[in-house]
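Peer 1: Got a structure for you, questions after.
The values are calculated or read from the model by the stated rules, or taken from the named source; none is laboratory data. Only a predicted model underlies this, so the values are computations on that prediction, with no experimental measurement involved. Cβ atoms come from the backbone with ideal geometry, glycine included; neighbour counts cover every protein chain shown.
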Amino acid sequence: MKIAIVCYPTFGGSGVVATELGIALANRGHEVHFVTYKQPVRLELLSNRIHFHEVHVPEYPLFKYQPYELALSSKLVDTVKLYGIELLHVHYAIPHAYAGYMAKKMLEEENIFIPMITTLHGTDITLVGQHPFYKPAVTFSINNSDVVTSVSENLKQSTLASFDIRKEIAVIPNFIDKRKYSSSFTDCQRSLMAEDHEKIITHISNFRKVKRIPDVIKVFHKIQKKIPAKLIMVGEGPEKEGAELLCEQLGITEQVIFLGNSNEIDRILCFSDLFLLPSETESFGLAALEAMINQVPVISSNAGGIPEVNVQGVTGFLSDVGNINEMAENAISILKDDEVLSKFKQNAAESAEKFDLMNVLPLYEEVYEKAYNGRFDKSYSQ
Ligand code: GMT
C-alpha cells in the first residue's frame, strides 16, 4: 500500500512513533511518504520505499501567522496525486487531522477518495486540544477521520470524556522493535559516565512543564544521599535552564550530566540502572517503554496511561504525581540490592516485549485494510 504519514519531525514521542511506524511499514513492503516541515529526526535513511516531502510555508508579510495547515493540505493533495497515495495516516490531531481533512475534501473534487487515519497521541487531547480556541476544530477533525486510534486506553477514555466524539476509537498501543535492541552493545562504556560504585539514573524528555523536571532532580537529590549515583538528563526544552539552576542550588551539579538531544538513546539506556518519569500526565510514556526494553526499571507517576506500561512492583514503581518522597524511597529500594535490581531489570525487559513491533504493526495494517476497502462508502467517515 502507498501510505502518506504526517507527523511532527521532532524528538517528541508522536514523531518518534510515526517515524518508526513508517520505517517498519516500509520494511514490510509498503511505500511510505513522510509529509512534514523537516526530515523526521529518527529517519536516517531514505530509500525507494521511504520518501520525504518537505512542506514549505512561503513567508508573506500580510500574514501575521504563516498558514502551515494550508501549505500542508496543498502538499498532501500534490503528493497523493503525484505518487498515487492510497491512504493518509496523520499523527497528532492538531493541525494534522484538520489539514488532512481539507486535503481529503479537495481530492474528492477530483474523484480521488483517500481514507484518513488519525492517531491521537496525548497532548493533542489532554493539553493543547482542550483549549477553547482549538476544541471545536479538534472535535470536528476526530469525528471526520475515517478511523481514529489512540495510543492507550486511558487516552481513549480522556478523549471520550472531554470531547463530543461520535467515532469509535481503536486503542493501538505504542511499540518498540525488540530486534533493534537484541544486538545490545557488548560494552556499554558506563565508565564514561560514572565510577564503578555509582548507579546511573536517567531521564529522557523534551523538558516541558508536563514532565515535572524539578521532581526528577529532587528525587535524584534524595537518592544520592543514600546511594552513590549519577543522573543523566537527556533532551532539550524550556525547563532545562531551571533544572540546571536547581542542581546548583541543591549542590549536585557534579553528579548531574545534561546531554542534550540524542539519537543514541539505546546507548544511554544500555548503561542506565533506573529511569525516572514523574510526569504530570502521559498518554502512554514511550520513553518508559524504551527504557524497559533496554532492561531499565522505571520509577514514575501513575498519571494517564503510564500504568498500562509500567507495572507496579514488577517493572518499577508508580506514585501519585508530586510524591517525590515515595518515588525516592522506591528508587532506593530497587537500587540498594543488586539482586533486586537485576530482577527488576529482567522484569522490565520481559514486560516490554508485549509491545513489540511484531505484535502492534499488524493492528495498524488491519485498520489500514479496513479503511482502504471502505473508502467509497460515504457513511464510512460519518
Ligand atoms: O510527551 C511529549 O511531550 C511528547 C508527546 C508528543 O506528542 O510528541 O508525547 C505524547 O505522545 C507519545 C507517543 O504516543 C506518548 O508516549 C507520550 O506519553 C505523550 N505525551 C503526553 O501525553 C504528555
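Peer 1: For P173, work out the one condition from (1) buried (at least 24 other Cβ atoms within 10 Å of the Cβ); (2) not acidic (D, E); (3) not in a helix (DSSP H, G or I) it doesn't fulfil.
Peer 2: Only one criterion is unmet by P173, namely (1).
Peer 1: Which helices (runs of 4 or more DSSP H) sit wholly inside region 53-127 and have at least 2 residues that are surrounded by fewer than 24 Cβ atoms within 10 Å (Cβ to Cβ) and of a type in the set (D, E)?
Peer 2: Values: elements: 68-83, 98-108, 123-126.
Ranges flagged: 68-83.
Peer 1: Do you know which residues across region 12-32 are more than 16 Å from the ligand (Cβ to nearest atom) and crowded, with 23+ Cβ neighbours inside 10 Å?
Peer 2: Passing the criteria: only V32.
Peer 1: Another one. Which of the residues spanning region 162-202 are away from the ligand (no atom under 15 Å from the Cβ) and of a type in the set (A, V, I, L, M)?
Peer 2: Listed by number, the residues that qualify are I165, L192, M193, A194, I200, I201.
Peer 1: Let me ask you something else. Please pick out the residue among E290, E326, E264, E282 that is exposed (fewer than 15 other Cβ atoms within 10 Å of the Cβ) and either among the basic types (K, R) or out of contact with any Pro (no Cβ under 9 Å at 6 or more places or on another chain) (or both).
Peer 2: From the options E290, E326, E264, E282, the qualifying one is E264.
Peer 1: Return the pairs, sorted by first residue and then second, in which the second residue is modelled with pLDDT of 80 or more and more than 16 Å from the ligand (Cβ to nearest atom), the first residue lies in region 164-189 and is at positive phi and of a type outside the set (D, E, K, R), the beta carbons are less than 9 Å apart, and the residues are 6+ apart or on different chains.
Peer 2: Sorted first by the residue in region 164-189, then by its partner, the pairs are Q189/R267; Q189/C270; Q189/F271.
Peer 1: A further question on this structure: Answer yes or no as to whether F317 is part of a helix (DSSP H, G or I), of a type outside the set (D, E) and crowded, with 17+ Cβ neighbours inside 10 Å.
Peer 2: Here the answer is no, as F317 does not meet what is asked.
Peer 1: Whether any residue in region 37-56 is away from the ligand (no atom under 16 Å from the Cβ), touching a residue at least 12 places away in the same chain (Cβ under 8 Å) and closer than 16 Å to Y368 by Cα is what I want to check.
Peer 2: No: region 37-56 contains no residue that is away from the ligand (no atom under 16 Å from the Cβ), touching a residue at least 12 places away in the same chain (Cβ under 8 Å) and closer than 16 Å to Y368 by Cα.
Peer 1: If I ask for residues that are part of a loop (DSSP other than H, G, I, E, B) and within 23 Å of Y372 (Cβ to Cβ), which ones from region 133-158 would you list? Spell out the reasoning first.
Peer 2: Pass one, region 133-158, residues part of a loop (DSSP other than H, G, I, E, B): 133-134, 144-146, 151-152.
Answer for region 133-158, where residues must be part of a loop (DSSP other than H, G, I, E, B) and within 23 Å of Y372 (Cβ to Cβ): N144, S145, D146, V151.
Peer 1: Looking at P61, P9, P67 in this structure, which one is under 30 Å from L277 (Cβ atoms) and either at pLDDT below 95 or away from the ligand (no atom under 16 Å from the Cβ) (or both)?
Peer 2: Exactly one of P61, P9, P67 is under 30 Å from L277 (Cβ atoms) and either at pLDDT below 95 or away from the ligand (no atom under 16 Å from the Cβ) (or both), namely P9.
Peer 1: If you scan region 330-382, which residues turn out to be acidic (D, E), in contact with a helix residue (DSSP H, G or I) (Cβ under 8 Å, 6 or more places away or on another chain) and over 28 Å from D146 (Cβ atoms)?
Peer 2: Across region 330-382, the qualifying residue is only E353.
Peer 1: If R375 satisfies every condition in (1) closer than 25 Å to A18 by Cα; (2) free of Cβ contacts under 8 Å to residues at least 24 places away in the same chain; (3) not in a helix (DSSP H, G or I) but one, which is the exception?
Peer 2: (2)
Peer 1: If you don't mind, there's one more thing I want to ask. Just checking, which of A331, A288 is under 16 Å from N206 (Cβ atoms) and not polar (S, T, N, Q)?
Peer 2: A288
Quick grid of which residues meet (1) among the basic types (K, R); (2) at pLDDT 95 or above:
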{"site": "M102", "(1), (2)": "no, yes"}
{"site": "K105", "(1), (2)": "yes, yes"}
{"site": "E110", "(1), (2)": "no, yes"}
{"site": "P115", "(1), (2)": "no, yes"}
{"site": "L120", "(1), (2)": "no, yes"}
{"site": "T123", "(1), (2)": "no, no"}
{"site": "L127", "(1), (2)": "no, no"}
{"site": "P132", "(1), (2)": "no, no"}
{"site": "K135", "(1), (2)": "yes, no"}
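Peer 1: When you scan region 130-139, do you find a residue that is under 14 Å from G13 (Cα atoms) and within 16 Å of the ligand (Cβ to nearest atom), even just one?
Peer 2: Within region 130-139, the subset under 14 Å from G13 (Cα atoms) is none.
Among the residues of region 130-139, not one is under 14 Å from G13 (Cα atoms) and within 16 Å of the ligand (Cβ to nearest atom), which makes the answer no.
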